[in-house]
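Please treat every number below as a calculation from the coordinates, not as lab data. If you're wondering where the values come from, they're calculated on a predicted model, not measured in any experiment.
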Amino acid sequence: MAVDLSFYTSPLSEEIRDEGRAEGRAEGRAEMLLSALDVRGIDVTDEMRRRVATCGDMELLRHWLGRAVVAGTAAEVFREEPMDRGPAPSR
């Protein structure tokens with residue numbers, strides 16, 4: 001007879017699960033960013049797509065997404081400058 005250990009989770013398994021969730025959130029935000037640019041008709045280079053797809057920084061993705069809704073070009077979205085950490089958007 002097997003012992004049911006389904007109630008037990010190790011700290012390692014919880015850490016792995018949390019990392020997977022964070023990756024999934026980053027992937028979702030990256031998809032939203034690229035979709036917003038596509039809907040707005042803004043051309044994105046393969047290098048920019050790769051940069052978005054490999055970015056795991058949720059704050060940077062949020063920043064780019066905020067720019068994507070107002071920028072006229074992809075260069076404006078991904079320009080290199082210190083990020084404005086102004087007030088967080090209301091939810």
So how much slack lies between ASP38 and VAL3, counting 0.36 nm per residue of separation and subtracting their Cα-Cα distance, in nm? 7.4 nm
Note: the stretch 19-74 at 37 °C, 0.692 mPa s; Kirkwood Rh on alpha carbon pairs; Stokes-Einstein D in µm²/s works out to 292 µm²/s
Multiplying the sequence separation of GLU59 and GLU27 by 0.36 nm and subtracting their Cα-Cα distance, what value in nm do you get? 10.2 nm
